[in-house]
Amino acid sequence: MIPVIPFLLVYFIYYYGVKREKKAAIMLAMDVTTLFLILGAAALFNNVFHSTFGFYLIVIILLVAGGLIGGAQTRLKGKVDVRRLLRAVWRLTFAGTGVAYILLFIISFITYILTA
């Protein structure tokens with residue numbers, strides 16, 4: 001599982017090299033790893049479904065999530081805090097693409113074994 005490597009690398013470099021704050025190290029590692037998860041999940045989607053739509057699907061989901069969270073912020077507070085909106089979408093993307101990456105990896109692995 002390739003996206004685990006950047007997570008651990010950033011975590012250990014930040015935690016042992018910069019600050020000894022566990023929460024800050026985890027959050028930074030999540031933020032950096034999200035990009036790798038987006039690219040990895042898109043590539044696995046394209047591989048499993050034989051398409052080139054994976055990256056665009058993730059971008060569409062991110063835009064919809066941003067719209068929903070922005071609408072909720074507007075209803076609750078009367079205005080949109082863009083920084084909090086982007087942070088929320090980015091952190092949800094980490095969770096969503098992490099799950100998608102694992103599921104697509106398992107599906108890809110099973111189809112590879114069955115066709116070999």
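Every read-out reported here was derived from the displayed coordinates using simple, explicitly stated rules and does not represent laboratory data. Every value quoted in this text rests on a predicted model; they were computed, and no experiment measured them. Ideal geometry is used to build each Cβ from the backbone, glycine not excepted, and the neighbour counts take in all protein chains shown.
Run the numbers for ILE26 and ILE106: contour at 0.36 nm per residue of separation, minus the present Cα-Cα distance, in nm.
So the chain would gain 26.2 nm between ILE26 and ILE106.
Give me the net charge for the shell around ALA88: Cβ to Cβ below 14 angstrom, other residues only, Lys and Arg +1, Asp and Glu -1.
Result for the neighbourhood of ALA88: +3.
In whole angstrom, and with the biggest value first, how far do the Cα coordinates of the chain range along each principal axis?
The principal-axis extents, from largest down, are 55, 39, 16 Å.
Which peptide among 36-46, 65-75 comes first, and what is the full order, when sorted by highest mean count of other Cβ atoms within 10 Å?
Highest mean packing first, the order is 36-46, 65-75.
So what's the Cα pair-distance distribution over the stretch 13-79, bin width 10 Å, in %?
Values per bin, smallest distances first: 18, 27, 28, 24, 2.
Full extension from SER51 to VAL18: what is 0.36 nm times the residue separation minus their Cα-Cα distance, to one decimal in nm?
Working it through step by step, the gained length comes to 7.7 nm.
Calculated from DSSP H runs of 4 or more alone, at -39500 (n - 2.57) each and per residue, what is the 222 nm mean residue ellipticity of the chain, nearest 500?
-29000 deg cm²/dmol
Got a sec? How would LEU63, LEU85 order by Cβ neighbour count within 10 Å, fewest to most?
LEU63, LEU85
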